[in-house]
1. Which of the peptides 216-222, 63-69 is most tightly packed, and how do the rest follow, going by the mean number of other Cβ atoms within 10 Å of each residue?
2. Sorted by mean Cβ packing within 10 Å, highest first, what order do the peptides 228-240, 30-42, 144-156 take?
3. What residues have an amide H closer than 5 Å to that of residue 130, excluding those fewer than 5 places away on the same chain, when H is modeled at 1.01 Å from N in the peptide plane?
4. Where the centre of each part is set by its Cα atoms, how far does the stretch 1-46 sit from the stretch 89-123, in angstrom?
5. Post the alpha-carbon centroid distance, the stretch 56-86 to the stretch 212-245, in whole angstrom.
6. Which pairs, out of 85/177; 148/183; 85/231; 74/108; 40/74, put more than 19 Å between their alpha-carbon atoms?
7. Say each of residue 189 and residue 36 gets a label point 7 Å from the Cα, pointing the same way as Cα to Cβ; how far apart are those two points in nm?
8. What nm value, rounded to one decimal, do you get for the distance between residue 21 and residue 82 when each label is placed 7 Å out toward the C-beta?
Amino acid sequence: MKRFKLVVAYDGTHYCGWQSQPNGVTVEGVLNQKLRELLKEDIQVIGASRTDSGVHALGNVAVFDSETTIPGEKLSYALNQRLPKDIVVQHSCQVADDFHPRHCDSRKTYEYQIYNAQFENPLYSRYSHFVFIPLRIEAMQKAAEIIKGEHDFKSFCSSRGQQLTTVRTVYDLDVTKEGSMVKIRVSGNGFLYNMVRIIVGTLIKVGLGVYPPEYVQEILDAKDRTKAGPKVPAKGLKLIGIEYL
């Protein structure tokens, strides 16, 4: 038995997230089905990031075990011929038998897009959240600096979170604007349930002038979900990639 790694890109619009479930089509479910058809084995992939319904990815990582004789680097070609056009394996290879995409130390990077203009643009609406009131980017950047570092992010976690600890480290959190598009990119050693979307919702409140940047420290200290901003829609979020340390 050998272990193989896949780097998977997908448009999450029509999927109920990554993780298999009985009442909806998921990215994991499609991968399992197509791998079973290809390899004639009972394949179960393990994903690094269980993205929510509607969230996209440029480079999610998954592994599976198989007795196939197909070379690891060729699996992507064979699998992509069977996958729908909104799921594409960008890279495949054989890895060590003990490699686990969720248990190895890693740096995950997500990006959220906000289309900030007077009117919505239909060419961007599928992959961005529309905000028509001008955002104060400098204030958002000041708030982002407070979020960086190791903190208890309980205030930024939805109640469905199952994690044993809510302490996480945010390595980088950048807010930039080019034209009408605001991009919030965050890297960390792991993220709680809905954490990135709640961070973005909080930064938008800062950008609108509802919260001063300094209030973000009060939100962190409170360890209370009701103190933070709203959870923004999933469609603006994508997993950029995962770097194993």
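1. 216-222, 63-69
2. Packing proxy ranking, top to bottom: 228-240, 144-156, 30-42.
3. 115
4. If you average the Cα positions of each part, the centres end up 16 Å apart.
5. So the separation of the two Cα centres works out to 32 Å.
6. 85/177; 85/231; 74/108
7. Placing both labels 7 Å along Cα→Cβ, they lie 3.8 nm apart.
8. Result: 2.5 nm between the two label points.
Each value in this text was obtained by applying a stated rule to the coordinates, not by laboratory testing. All figures in this text were calculated on a predicted structure; none of them were measured in a lab. Using ideal geometry, Cβ is built from the backbone for each residue, glycine included, and neighbour counts are taken over all protein chains shown.
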